[in-house]
1. Could you check region 36-51 and list, in sequence order, the residues that are under 28 Å from Glu239 (Cα atoms) and either surrounded by 12 or more Cβ atoms within 10 Å (Cβ to Cβ) or touching a helix residue (DSSP H, G or I) at 6+ places or on another chain (Cβ under 7 Å) (or both)?
2. For Glu69, which of the numbered conditions (1) of a type in the set (Asp, Glu); (2) without any contact (Cβ under 8 Å) to a residue 12 or more places away in the chain; (3) not in a helix (DSSP H, G or I) fails to hold?
3. Exactly one of these conditions fails for Phe178: (1) open to solvent by 60 Å² or more (accessible area, probe 1.4 Å); (2) at pLDDT 80 or above. Give me its number.
4. Out of the residues in region 72-96 meeting the condition of being β-branched (Val, Ile, Thr) and part of a loop (DSSP other than H, G, I, E, B), tell me which one is least open to solvent (accessible area, probe 1.4 Å).
5. For Ile22, are the conditions met, namely being at pLDDT 85 or above, surrounded by 15 or more Cβ atoms within 10 Å (Cβ to Cβ), farther than 26 Å from Tyr89 by Cβ and aliphatic (A, V, I, L, M)?
6. Can you name every residue in region 1-19 that is open to solvent by less than 100 Å² (accessible area, probe 1.4 Å), part of a loop (DSSP other than H, G, I, E, B), without any contact (Cβ under 8 Å) to a residue 60 or more places away in the chain and closer than 15 Å to Arg46 by Cα?
7. Scan region 74-88 and report the pairs whose first residue is in contact (Cβ under 8 Å) with a residue 40 or more places away in the chain and at negative phi and whose second residue is open to solvent by 80 Å² or more (accessible area, probe 1.4 Å) and among the charged types (D, E, K, R), with Cβ atoms within less than 8 Å and a gap of 6+ or a chain change.
8. Would you call Ser241 over 25 Å from the mean Cα position of the chain (by Cα), small (Gly, Ala, Ser) and either part of a helix (DSSP H, G or I) or at pLDDT 85 or above (or both)?
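The values are calculated or read from the model by the stated rules, or taken from the named source; none is laboratory data. Because the structure is a prediction, the values reported are computed rather than measured. FYI the Cβ positions are ideal-geometry reconstructions off the backbone, even for glycines, and counts take in every protein chain you see. All accessible areas refer to the heavy atoms of the entire protein, side chains included, with ligands and DNA or RNA removed. Shrake-Rupley method; radii C 1.70, N 1.55, O 1.52, S 1.80 Å.
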Amino acid sequence: GDITGFNHVPFEWCRLGRDQKIAVYDNWDRRKLKDNGKYSPADIKRYDKFNPDYALDEINAEPGATLEEKIANYPGQVFWFSADGIETYPLSPFDPVLEDIETDAEIKIGKLKNVKTNFVAPQMVKYRGRFESEQDRSAFIESLEQFQGNENVGNIMLVEVEDGVADFAVEKFEIQDFDRKWEFTERSVKENIFQALQQPLVLSAMPVAGKLGTSTEIEDAKVFYNEITADDRLVISEEFSRLFNKPISIIPITQKTNGTTANNPV
């Protein structure tokens, strides 16, 4: 019944079961396509909660004719911990800024699209008349693509207007200058994300208005962030100490004294 080893199980794989066990599965959100997104209950592994005092009883409950077979079938226990409370699923620290994270991702997609089109304004081709066949339409579209030149040099939209003499006209879409709006939006959403984690911007290599990012400012930011995360490190230290049955200290607090830094254990 002694602990013989440890393995990490990602927290997002774990669910608290009604049977007082912990269900472990690596595809709760169906991101991994297995059998067209379906899964078998056999894919979900169930483990007893961490408590070495009950290990021998759990081993004896496993199938097997001998103790060796029971031990071989025993999956072990899972140590599950949440700082939000006993058997309480914690919210992600990013929960208050999910929209900012999505905005940041969309900005990157917009920049990528502009780069792929070489920042060329999209154009609309109005074709007056009617194509005699699908082959004629495909040939016309192919000629437009060849007219573009380099791959992805711009966007061309074809609009068919059946009335009138068969000809075509090219019109450009008016593009507004969004550079300043994009710059403000990009910076503001990043700041919101960092603020949700209470991280000083200087620690993320983001310049702070009116400051130069000196070594003193960086040291002050380190001390500040160490102080607001001290409780988290203390809780983690206590839980790991209980898990490994020996004192564990997670990164001592760094404090600044007379222009120097000193490590003081939690």
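1. Quick first cut of region 36-51, residues under 28 Å from Glu239 (Cα atoms) only: 44-51.
Correct list: Ile44, Lys45, Arg46, Tyr47, Asp48, Lys49, Phe50.
2. (3)
3. Only one criterion in (1) open to solvent by 60 Å² or more (accessible area, probe 1.4 Å); (2) at pLDDT 80 or above is unmet by Phe178, namely (2).
4. Applying the first criterion (β-branched (Val, Ile, Thr)) to region 72-96 yields 78, 86, 88.
Retained after the next criterion (residues that are part of a loop (DSSP other than H, G, I, E, B)): 86, 88.
Working: Ile86: 157, Thr88: 54 Å².
Out of the qualifying residues, it is Thr88.
5. On the way: at pLDDT 85 or above: yes; surrounded by 15 or more Cβ atoms within 10 Å (Cβ to Cβ): yes; farther than 26 Å from Tyr89 by Cβ: no; aliphatic (A, V, I, L, M): yes.
No.
6. Of everything in region 1-19, those that are open to solvent by less than 100 Å² (accessible area, probe 1.4 Å), part of a loop (DSSP other than H, G, I, E, B), without any contact (Cβ under 8 Å) to a residue 60 or more places away in the chain and closer than 15 Å to Arg46 by Cα turn out to be Pro10, Gly17, Asp19.
7. These pairs meet every condition: Ala83/Asp232.
8. Numbers: over 25 Å from the mean Cα position of the chain (by Cα): yes; small (Gly, Ala, Ser): yes; either part of a helix (DSSP H, G or I) or at pLDDT 85 or above (or both): yes.
Against the criterion (over 25 Å from the mean Cα position of the chain (by Cα), small (Gly, Ala, Ser) and either part of a helix (DSSP H, G or I) or at pLDDT 85 or above (or both)), Ser241 qualifies.
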